[in-house]
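These notes are about the structure you will find just below.
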Amino acid sequence: MSDALAIEAIYLRLGSLIAETPDFKGDPVSETYRWIAQVLTLIEAGSLVDKASIGFFKVSSQNLQGPLRDTNVGSILAIAHQALAKAEFQAPAELHGAFIAAGHSFDAFAAVGKALGTASKDVFIIDPFADAKLLTDYAVLAPETVSVRVFARATYGNSLRPAVEHWKQQMKQPLEVRIGAPAVLHDRLILIDAKTAFVLGQSFKDLATRAHTSLVRMPPEAGKLKIDAYEVMWSSGTPL
């Protein structure tokens, strides 16, 4: 594998991991340590931070219980985001995702708009906690010539139904919303033309409001698996 392809793979995988950062509020579980190990492997493979930072990352990951837990979690996430920023700088420009800082709502708007703007036929958005904001602030950024699909949970989104009705009254763009069972919907994804998958770190209703997040294109193989899985789930969803 060439250096260019290697950094591309590292960037896409690291971005996907950071977009799916586990919940560090409670005591660490096996998934937490697996996430940490995967991130560390990518950081070392890409030489994305200096040796001192790698050492600090390792020490912090070994001390996720007790009074210093929050400090150590902060160190882990800071080093991971530093590594992602370097990987993004080294990756081809057309692959760049976006790290969205808390409070930077326009950056979130721009990042989602950039992803949606690549569609030529179909935009498929998966968000368990979809509400009206997904349509009014983000789905409207899709090109007028493409159809829009939204897959949400049955137990959330009381404001989604009226937003869908207003969309269909005013917009020429085709929109279809289906509801899936809470047990099967966990991801926040933007799927473009059944070819490209972007993973989003937060639901659209909370995007960049309280915490940092990221929007990153998934590696092609992993993206294809997500696309195929959600097309099957979509086929059994209930129209809103």
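Here are a few things to note about the model shown:
- Qualifying residue in the range 159-171 (condition: farther than 21 Å from ALA19 by Cβ, touching a Lys or Arg at 6+ places or on another chain (Cβ under 8 Å) and charged (D, E, K, R)): no
- Scanning the range 219-230 for residues that are in contact (Cβ under 8 Å) with a residue 40 or more places away in the chain and open to solvent by 20 Å² or more (accessible area, probe 1.4 Å) yields PRO219, ALA222.
- Each residue in the range 63-78 was checked for being of a type in the set (A, V, I, L, M, F, W, C) and in contact with a Leu (Cβ under 9 Å, 6 or more places away or on another chain), and 2 of them qualify.
- Residues considered: ARG178, ARG188, ARG210. Of these, the only one that is under 26 Å from PHE89 (Cα atoms), modelled with pLDDT of 90 or more and open to solvent by 10 Å² or more (accessible area, probe 1.4 Å) is ARG188.
- Checklist (1) touching a residue at least 12 places away in the same chain (Cβ under 8 Å); (2) hydroxyl-bearing (Ser, Thr, Tyr); (3) outside any helix (DSSP H, G or I) applied to SER75, failing item: (3)
- Considering the range 1-60, and only residues there that are in a helix (DSSP H, G or I) and polar (S, T, N, Q), the residue that is nearest to ASP187 (Cα to Cα) turns out to be SER16.
- LEU77 at pLDDT below 85 and open to solvent by less than 60 Å² (accessible area, probe 1.4 Å): no
- Within the range 186-240, considering residues that are among the hydroxyl-bearing types (Ser, Thr, Tyr) and assigned to a helix (DSSP H, G or I), the one farthest from the chain's Cα centre (by Cα): SER235
- Total residues in the range 133-165 satisfying the condition of being surrounded by fewer than 16 Cβ atoms within 10 Å (Cβ to Cβ), of a type outside the set (Gly, Ala, Ser) and farther than 24 Å from ALA110 by Cα: the figure is 5.
- Here the condition is being touching a residue at least 40 places away in the same chain (Cβ under 8 Å) and small (Gly, Ala, Ser); of ALA163, ALA181, ALA111, ALA142, it holds for ALA111 alone.
- The range 123-132 - residue that is crowded, with 22+ Cβ neighbours inside 10 Å and in a loop (DSSP other than H, G, I, E, B) and, of those, nearest to the chain's Cα centre (by Cα): ASP127
- Residue in the range 143-163 that is touching a Leu at 6+ places or on another chain (Cβ under 9 Å), assigned to a loop (DSSP other than H, G, I, E, B), at pLDDT 90 or above and more than 18 Å from GLU231 (Cβ to Cβ) present: yes
- Residue, surrounded by the most Cβ atoms within 10 Å (Cβ to Cβ), within the range 14-35, restricted to residues that are aromatic (Phe, Trp, Tyr) and either without any contact (Cβ under 8 Å) to a residue 24 or more places away in the chain or in contact with a Lys or Arg (Cβ under 9 Å, 6 or more places away or on another chain) (or both): TRP35
- Residue, modelled with the highest pLDDT, within the range 41-56, restricted to residues that are open to solvent by 30 Å² or more (accessible area, probe 1.4 Å) and aliphatic (A, V, I, L, M): ALA52
The values are calculated or read from the model by the stated rules, or taken from the named source; none is laboratory data. Note that the structure is predicted; figures quoted are calculated from it, not measured. Cβ sites come from the backbone with ideal geometry, for glycine too, and all protein chains shown count toward neighbours. Heavy atoms of the whole protein, side chains included, go into the accessibility calculation; ligands, DNA and RNA do not. Shrake-Rupley method; radii C 1.70, N 1.55, O 1.52, S 1.80 Å.
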